[in-house]
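Following: one structure in C-alpha cells, then a few remarks.
What follows is calculated from the coordinates using simple rules that are stated; it is not laboratory data. This one's a predicted model, so the numbers in the text were calculated from it and none came from an experiment. Cβ atoms come from the backbone with ideal geometry, glycine included; neighbour counts cover every protein chain shown.
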Amino acid sequence: MISINGRFLGQPLTGVQRFALELTKAVDRRIGAGALPAPLKNARWRLLAPEGAPAAAPTEHIPLERFGPFSGHAWEQTALAGRARHDILIGLGGSGPLFHRRQLAIIHDATIFRHPESFSRPYRAMHALLGFVLTRTARIGTVSQFSQGELSSIFRVPREPIAVIHNATDHFAEIVPDDAVLDTFALRGQKFFLLVGTLKPNKNVAFAIRAFAALGLSGWKLVIVGGVEPGVFRGSALGSAEDLVFTGRLPDAQIAALERHAGAFVFPSLYEGFGIPPLEAMSQGCPVLAADIPPVREACSDAALYFDPRDQAGLMQAMRQIVEHPQQRAALVAKGEANLERFSWDKSAEALLTVVADMAERGTGSA
C-alpha cells in the first residue's frame, strides 16, 4: 500500500499546499494512464486526511480516507502514523510522522533557519525538530538543487540522497484571467509594475517600494498583492497613495489578469526554496525582474532581468529598462515562454514516482 499524507487538504492553499495538491493530481493522472515504474504497477494507493478535510477527493484513481481525531501535527503523529504504519507514506507538505521508516518527506526550504525572524518561536522549534528527525528516519526530497544543498548543510546529512522534485505552473497557465480586477483598482489602461508578496522580511517588499518611489516614474504605479498593510509603507519616503496600489489578497484569476497587463513582475525576495511566483508570471506573458539569488536563477535561468536584492540602484535600473526599451520587454516574454518548458507537474510526478519505486524495491524509506 502507498499512502499520501493529505493533511494539506484541510489547510489554506498557499505555495506548499499548491505543490502537494497539484503533484497529487499529477500522480493520480499517471495512475489512470498506467504510466508507472515497474515496481509500482500493482500498487494500491490511498489519500489519507483528517476528518475535517473536504469530503470531495481531488483525485479519480486514488481513494480518499478521512479519519481522526485531531488535526495538524497531532493528527500526523498519532492517527496518520497508526493508519499508515505498514505503508510507504508520501508527505508533500514538509512534515510527517517522526518515526515512520518507509516515508518520503518533502521539505521545501530552510527559511526558518536563514530568516528565523519571519516565524514564531514555537513554529521554529516544531519544524526544526521535524527536519532534524525526518532527515534521519525518512527519505527526503525538496524542490530545488539550492534547497538540496541547504538541507544537507543545515541538517548535516549527505546531499545526493535528497531527491529534487521541482515546482511547476501548469495549473496557473490554465487559469481564465478575471479582468474585472482592473476596474476594481482603477488600473484599466494604466502602466504598472506588479509585486506579489507579504510582510515577511525575506520577501523584501519595502525594498521594492523604496526603489520604485526613488525612480519617480510619471504615469506608472506599483501594484502590491498580498497580506500587506498599506499604512506600514505609505509616507513621503515610500511614495504616495496615487502611485502605490495595495490590493490585499486576491484569487489566482485576478492575479493572472494583473500579470497579463503589468509592465513587469517584480520579485525582490532575499530567500526562497525555489521561486514559483516568477514562473507563474511568465505563464501569463509577463516579463520578470528578479532578485539575483541561486534558487531564482535555478527557476528562471536566462528568462529574467536580474538585480541585487540589496542594491536599490540595481532594481531601479531594471525598471528603467522596461520603461525605456520595449524590445527588452518582448525579449523577456519570449524567454519566459521557453523557460516554462523545463517544468511541468507531470515531470515532477515522474521524478516523485521514481523515488517511490526505489523505496518499494529496497523495502525501506531511509536515504
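Neighbours of residue 99 by Cβ distance under 15 Å: Lys/Arg scored +1, Asp/Glu scored -1, total +4. Each part reduced to its alpha carbon centroid, the stretch 169-216 and the stretch 94-108 end up 35 Å apart. Taking a Cβ cut-off of under 15 Å around residue 68, the surrounding Lys, Arg, Asp and Glu residues balance to a net charge of 0, with basic ones at +1 and acidic ones at -1. Note on residue 25: lysines with a C-alpha under 27 Å away, same-chain residues under 8 apart excluded, are 41, 347. Protection proxy ranking of 127-135, 320-328, by the mean of other Cβ atoms within 10 Å over each peptide's residues and highest first, is 127-135, 320-328.
Give, as a single signed number, the net charge of other residues whose beta carbon lies under 14 Å from the beta carbon of residue 119, with Lys and Arg counted +1 and Asp and Glu -1. Walk me through the numbers on the way to the answer.
Working: positive: 114, 121, 124, 200, 203; negative: 109, 117.
The answer is +3.
At 0.36 nm per residue, and after removing the present C-alpha to C-alpha distance, how many nm does the segment from residue 160 to residue 117 gain when stretched out fully?
Details: separation 43, 0.36 × 43 = 15.48 nm, distance 2.96 nm.
That pair, residue 160 and residue 117, stretches by 12.5 nm at full extension.
Just report the Cα centroid separation between the stretch 298-367 and the stretch 129-159, whole Å. With the stretch 298-367 and the stretch 129-159 each reduced to a Cα centre, they are spaced 21 Å.
Once you charge only the Cβ atoms, +1 for Lys and Arg and -1 for Asp and Glu, what is the size of the charge dipole of the stretch 325-367 about its Cα centre, to the nearest 20 debye? Numbers along the way, then the final one.
Numbers: 5 positive and 6 negative charges, 57 e Å.
It works out to roughly 280 debye.
Counting lysine pairs in the stretch 171-340 that sit 8 or more residues apart in sequence, or on different chains, and whose Cα atoms lie under 24 Å apart gives 5.
Would you please give the FRET efficiency between residue 317 and residue 354, computed as 1/(1 + (r/R0)^6) with r the Cβ-Cβ distance and R0 = 51 Å, to the nearest 0.05? Could you put the intermediate results ahead of the total?
Details: r = 43 Å, r/R0 = 0.84.
So the FRET efficiency works out to roughly 0.75.
Among beta bridges identified by DSSP and lying wholly in the stretch 171-340, the antiparallel ones come to about 0 percent.
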